[in-house]
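Okay, so here's the structure we're looking at.
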Amino acid sequence: MTHFKPNTGILSVYASAASPNEILGDLTDAFAEFKARQNAEIASIRGDLDAISARNVAAEMNGSGGMAARPGNIRDERTALAEFGRFGQVNAALSIGGAGGNDLTAGGAAVFPAVSERIMVRQFSQSAIARLARLVTLTAGDRFEEPQDLGEPAATWVGESDARPATTTATFSLLSVTCDELYTLQPITQRLLDDSQYDLGQWLEDRIADKLARAAGSAFMIGDGDKKPSGIVTYPRSSEADSARDWGTIQAQYTGASGAFGTGGADILVDAVYSLQGHYRQNARWVMNSKTLAVVRRMKDSDGRFLWADSLAAGQPATLLGYPVETDESAPDIGANAAAIWFGDWQQAYVVVRKPGLRLLRDPYSSKPNVLFYAYSRVGGALQNSEAIKAIVFGVDPDA
């Protein structure tokens, strides 16, 4: 016998004159109804948060390089990733490559779209160059190619009746960037896999993102171009102005002292700013590592004023001579002939090319009692416009 209305809530039970057993039963029923209603509301809120998170990530990355995160249920995919990690099987709704289908022992590679996109977002956000550079996503092939006009604008002013001879012939070059393969091989013990309380999906996401981010970020800065991106530091440099340098050679401002700022001090920073053409300065940013940043932050002008200005808003970078500063730990330390400080419009200067998606293989046999997780992605990078970036080199100009 029910002594309260279903929608009046748990507290209405106490107004009943029924026996304790009946009251306990009514309380149990009311709480079950309440719990079911709350769970439904929580599930709805989580779904809304997942959608909002995906849109926010897409908006953030589109605003600084163009990478849009595909919407997906990250919570469900982490659960599926944990299932894959423990048992080697995945939900059929997930994309599987290779002839083996869901039987990954036959060579299949699991693809987790939402987890993969979050890993890629974190991978790129940990590198200043990747975060600031132009981003191109390849949907077909492993190479990005784009023609570049290296000449000055071919246009001439004329009078109404003047002849119109041919203008200067444009000089073209072909920018070609290959997507190289980057992988990480992570071992995890079988005992940890057997622990159902351990958030294996989150662990795999964190470890994979961290390893790939460090390797990719380092390559964008110092990579030698051999089966990896060509790092910005590895390109030839010259003190010659834009009009005199060969295309593909970066202009360098030399401090005049090996491993130090030299007698000019902070003037070299000003020289770097104004050696960059005005239309590139509009979106220019400084890039250096934390050790260099600590030195620069203490520098003052001739009137004793700090060149550095802390950010006035949360989430915004500090500025140096009025331009934002980004930290990239892959940048060289201050040292003899080191290009430790960079300034320019990175979106124009450097291009990062990637193939969407990240594949994951599981190997429970090669390293017992560990299970190996092999994840790989494809990414490339190269200098795009050598006039859009300047380097400060801590040494003497070899051409002076």
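The values are calculated or read from the model by the stated rules, or taken from the named source; none is laboratory data. These numbers were taken from a predicted model, which means no experiment stands behind them. Using ideal geometry, Cβ is built from the backbone for each residue, glycine included, and neighbour counts are taken over all protein chains shown.
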In the range 312-345, the residues that are within 16 Å of Ile232 (Cβ to Cβ) and among the aliphatic types (A, V, I, L, M): Ala331, Ala338, Ala339, Ala340, Ile341
Answer residue from the range 197-252, given it is aliphatic (A, V, I, L, M) and assigned to a strand (DSSP E or B) and is nearest to the chain's Cα centre (by Cα) among those: Ile250
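Assess whether Ala314 counts as being under 15 Å from Val136 (Cα atoms) and either modelled with pLDDT under 85 or of a type in the set (A, V, I, L, M) (or both).
Values: under 15 Å from Val136 (Cα atoms): no; either modelled with pLDDT under 85 or of a type in the set (A, V, I, L, M) (or both): yes.
When the stated conditions are applied, Ala314 does not pass them.
Using the structure shown, decide if Ser330 is crowded, with 16+ Cβ neighbours inside 10 Å and either closer than 21 Å to Gly395 by Cα or without any contact (Cβ under 8 Å) to a residue 40 or more places away in the chain (or both).
Values: crowded, with 16+ Cβ neighbours inside 10 Å: yes; either closer than 21 Å to Gly395 by Cα or without any contact (Cβ under 8 Å) to a residue 40 or more places away in the chain (or both): yes.
Yes.
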Top-ranked residue of the range 236-265 - restricted to ones that are surrounded by fewer than 16 Cβ atoms within 10 Å (Cβ to Cβ) and hydrophobic (A, V, I, L, M, F, W, C), ranked as nearest to Arg297 (Cα to Cα): Ala260
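Would you point out which residue out of Ala340, Ala309 is in contact with an Asp or Glu (Cβ under 7 Å, 6 or more places away or on another chain), of a type in the set (A, V, I, L, M, F, W, C) and on the phi < 0 side of the Ramachandran plot? If you could, list the steps in order and put the result at the bottom.
Values: Ala309 fails: in contact with an Asp or Glu (Cβ under 7 Å, 6 or more places away or on another chain).
Residue meeting the stated conditions: Ala340.
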Residues satisfying the stated conditions in the range 282-318, i.e. surrounded by 12 or more Cβ atoms within 10 Å (Cβ to Cβ) and closer than 23 Å to Arg134 by Cβ: Asn283, Ala284, Arg285, Trp286, Val287, Met288, Asn289, Pro317
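Hey, among Leu212, Leu193, Leu204, Leu182, which residue is farther than 30 Å from Ala128 by Cβ, in contact with a helix residue (DSSP H, G or I) (Cβ under 9 Å, 6 or more places away or on another chain) and not acidic (Asp, Glu)? Explain how you work it out, then say what you get.
Details: Leu212 fails: farther than 30 Å from Ala128 by Cβ; Leu204 fails: farther than 30 Å from Ala128 by Cβ; Leu182 fails: farther than 30 Å from Ala128 by Cβ.
From the options Leu212, Leu193, Leu204, Leu182, the qualifying one is Leu193.
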Qualifying positions in the range 325-351 - touching a Pro at 6+ places or on another chain (Cβ under 9 Å) and under 22 Å from Arg281 (Cβ atoms): Val325, Glu326, Thr327, Ala339, Ala340
